[in-house]
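Take a look at the structure set out below.
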Amino acid sequence: YPGVGPEHSYLASISRAEYPNVTDAEVVEAFQLLSRTEGIIPALEPAHALAWIVRAAPELRGQTVLMNLSGRGDKDVA
């Protein structure tokens, strides 16, 4: 899996990449927010990125945020 390669450590050390984390509670909250407001049930994997966007939203005010939402979450919550 490419996510465990040394490239990630290198990119982080030269400030070319950041690897923020979110809690499980934030992921579930973001999952529910998108489902409730847009009627889109995301897969749990992209819900992690969505949780970070929700957290960072105040700092991103006035900017355009583009997120690729892949997968479907109906299989995750069935």
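The values are calculated or read from the model by the stated rules, or taken from the named source; none is laboratory data. Model, not experiment: these values are computed from the prediction. Note: ideal-geometry Cβ built from the backbone for every residue, glycine included; neighbour counts use all protein chains shown.
Key figures
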| quantity | calculated |
| --- | --- |
| Out of A17, A25, sole residue that is at pLDDT below 95 and of a type in the set (G, A, S) | A17 |
| Top-ranked residue of the stretch 20-78 - restricted to ones that are surrounded by fewer than 13 Cβ atoms within 10 Å (Cβ to Cβ) and of a type in the set (K, R), ranked as nearest to the chain's Cα centre (by Cα) | R72 |
